[in-house]
1. How many residues are part of a helix (DSSP H, G or I) and in contact with a Gly (Cβ under 7 Å, 6 or more places away or on another chain) if we restrict to region 212-226?
2. So how many residues does region 35-80 have that are at negative phi and touching a Lys or Arg at 6+ places or on another chain (Cβ under 8 Å)?
3. Can we say Gly209 is surrounded by fewer than 19 Cβ atoms within 10 Å (Cβ to Cβ), without any contact (Cβ under 8 Å) to a residue 12 or more places away in the chain and over 16 Å from the mean Cα position of the chain (by Cα)?
4. For region 59-80, what are the residues that are in contact with a strand residue (DSSP E or B) (Cβ under 9 Å, 6 or more places away or on another chain) and modelled with pLDDT under 95?
5. Can you name every residue in region 227-251 that is assigned to a helix (DSSP H, G or I) and crowded, with 22+ Cβ neighbours inside 10 Å?
6. Inside region 253-341, counting only strands (runs of 3 or more DSSP E) that do not spill past its ends, which hold 2 or more residues that are buried (at least 17 other Cβ atoms within 10 Å of the Cβ)?
7. Which condition does Thr221 not pass, out of (1) at pLDDT 95 or above; (2) among the β-branched types (Val, Ile, Thr); (3) surrounded by 19 or more Cβ atoms within 10 Å (Cβ to Cβ); (4) over 19 Å from Asp334 (Cβ atoms), if it passes all the others?
8. Does Ser253 satisfy being at pLDDT 95 or above and within 17 Å of Gln159 (Cβ to Cβ)?
Amino acid sequence: MNSIERRKADHIRISLEEEVEFDRLTTGLERYRFVHQALPEIDLAQVDVHTSFLGKPIQAPLLISSMTGGTEQAHLINHRLAEAAQQVGIAMGLGSLRAALEDPGLVDSFRVRCVAPDIPLLANLGAVQLNYGYSVDECRRAVEMVMADALILHLNPLQEALQPGGDTNFSGLLQRIEQVCQQIEVPVIVKEVGWGISEKVARQLAAAGVAAIDVAGAGGTSWSQVEMHRATNSLDRRIASTFRDWGIPTADSIRMVREAAPEITLIASGGLQNGLDVAKAIALGAHLGGLSRPFLKAAMISTTAVVEVAQATLVELRIAMFCIGARNLTELRDTPYLVAW
């Protein structure tokens, strides 16, 4: 097992087995409540959550967020996630394909088109690799090897700073992202990995030509905690633990990005747990809600378990919409009934 494989395996194990939540920082979604409408004047059966993403119809505004790949265990996880996404009709992101680019023997852990031919599927690479020898050619290869509909470039400066030997040269990266947006044949999505996107960064990314932004805000899994558990000495553990509550809460990041880049497709992820969280995120301005850890836990069990999580999430979303009288996602996004408490 090479160093990247080992790191990916560590990430799965630690995310499932260790305490990796933020300490005091939350997603901020709990600060918002829907004002219940006892007379919604609609039929629950009429509530429509269908939408489209990357030009493909999906049954609901739900994304299985990028998680893993590059290990034997990840192969099983990704196939279960993809099978479930196909059954339910929702989008899916893959984990970073860097491992497969550097070792083609690992690509099968990412190839899921065979079980998910119709879903919007997102390839994924670390944006910082554009400063370490990657170009649009590697980005194109990543998309082609998994037959993806779009490319995620993820931003993770804090994680790289905490990893031994991390890739920490983020200078001039915006221009390289813009070059990829101009030259690659598929839409580019930029996401954080759990610390949020600010207004300034959103404006920069929109100007660079990205098709969508995934805020991946703080309040869910703290990757500084994951790196703390991976650390092999007390100094690295101490440094990582210092940043346990770093980041922009998901709710705040949604509002920042929506204000800074009102026309861009906005994906809300980072600590979302259920359909009510998705409903709040959309009412704050998102187009899709992304969940990761609930799906990861289910994927360790079976495809059926993943389907059940997705179906429960969609039922929760529809009930929330019903109870505020929102017939469709446009009405949910425009609702006057989400208030800060």
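The values are calculated or read from the model by the stated rules, or taken from the named source; none is laboratory data. A quick note: this is a predicted structure, and the numbers were derived from the prediction, not measured. Positions of Cβ are generated from backbone atoms using ideal geometry, with glycine treated the same way; all protein chains shown enter the neighbour counts.
1. 1
2. Number of matching residues: 10.
3. In short, no.
4. Ser66, Met67, Gly69, listed by residue number.
5. Answer for region 227-251, where residues must be assigned to a helix (DSSP H, G or I) and crowded, with 22+ Cβ neighbours inside 10 Å: Glu227, Met228, Ala240, Thr250, Ala251.
6. Qualifying strands (runs of 3 or more DSSP E): 265-269, 288-291.
7. The number of the failed condition is (1).
8. yes
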